[in-house]
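The values are calculated or read from the model by the stated rules, or taken from the named source; none is laboratory data. Predicted model only: the values in this text are computed from it and were never measured. Ideal geometry is used to build each Cβ from the backbone, glycine not excepted, and the neighbour counts take in all protein chains shown. Please note that ligands, DNA and RNA were not included when accessible areas were found on the heavy atoms of the full protein model with its side chains. Shrake-Rupley method; radii C 1.70, N 1.55, O 1.52, S 1.80 Å.
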Amino acid sequence: PPLAGFVNPGGWTGIRVARDGAAIATLVRERAGDGPVATLSPIHVLEGHLPVYPHLALGQFMVRAAPWVPERDRRHYAYFITPDTIPALLTTQPPAAILTGMDGDTDAALDAFATGRGYRVVPLSLKKAEDAERVRLYLAR
């Protein structure tokens, strides 16, 4: 059975992620425009050829590591971001969409911004995401 997957390329992770990314891009472009997407899981957004914030391009890693980066060293990062500074970034550069649900509690700042600003939520089920049942795409109104 393990070799059976090789004859069905449509089931390969890379193909599924690309397909999911294209579907996300279609939803965003049709319902919210062409602006950037705020997410801590940028692979699907990038596969859909949508712009992401450079501050969030490293995904969850910068946000998780931020508390351990001393204040004096933060100036060395062109796009340093913390959960506390995410709302300010998104307020000055509002996203067309926000994708959350794949990084557990690290997405809390993005979820709070989306719900507080009246973004419409579209539940998604991504085939190759660990927490696929909790993935949410928020679209600007």
Exercise. Select one label from (1) 7.3; (2) 9.6; (3) 10.5: the one whose number is mean projected area of the Cα convex hull in nm² as derived from the coordinates shown.
Key: (2)
Self-check item: Theoretical FRET efficiency, 1/(1+(r/R0)^6), r = Cβ-Cβ of R64 and T115, R0 25 Å, to 0.05
Solution: 0.65
Self-check item: Estimated inter-spin distance, A108 and E71, nm [label 7 Å along Cα→Cβ]
Solution: 2.2 nm
Quiz item: Could you sort F61, F80 by accessible area so the largest value comes first, with the probe set to 1.4 Å?
Solution: F61, F80
Quiz item: Of R64, R19, R72, which has the largest mean-square fluctuation in a 10 Å C-alpha GNM of the chain?
Solution: R72
Self-check item: Area of H44 that stays accessible when all protein chains are in place (1.4 Å probe, Å², to 10)
Solution: 10 Å²
Quiz item: Of all accessible surface on the stretch 48-126 at a 1.4 Å probe, what whole percent is carbon and sulfur?
Solution: 59 percent
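Relative contact order for the stretch 1-93: what is it in percent, counting Cα pairs under 8 Å that are at least 6 residues apart?
Values: 81 pairs, mean separation 18.8, N = 93.
Relative CO of the stretch 1-93 lands at 20 percent.
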Quiz item: So what's the net charge close to L139: Lys and Arg +1, Asp and Glu -1, counting the other residues with Cβ under 9 Å from its Cβ?
Solution: +3
Quiz item: Which angle from 0 to 90°, rounded to the nearest 10, does the C-alpha axis of helix 13-31 make with the longest principal axis of the chain?
Solution: 60 degrees
Quiz prompt | Residue-normalised accessible area of the stretch 57-141, given per residue in Å² at a 1.4 Å probe | solution = 58 Å²
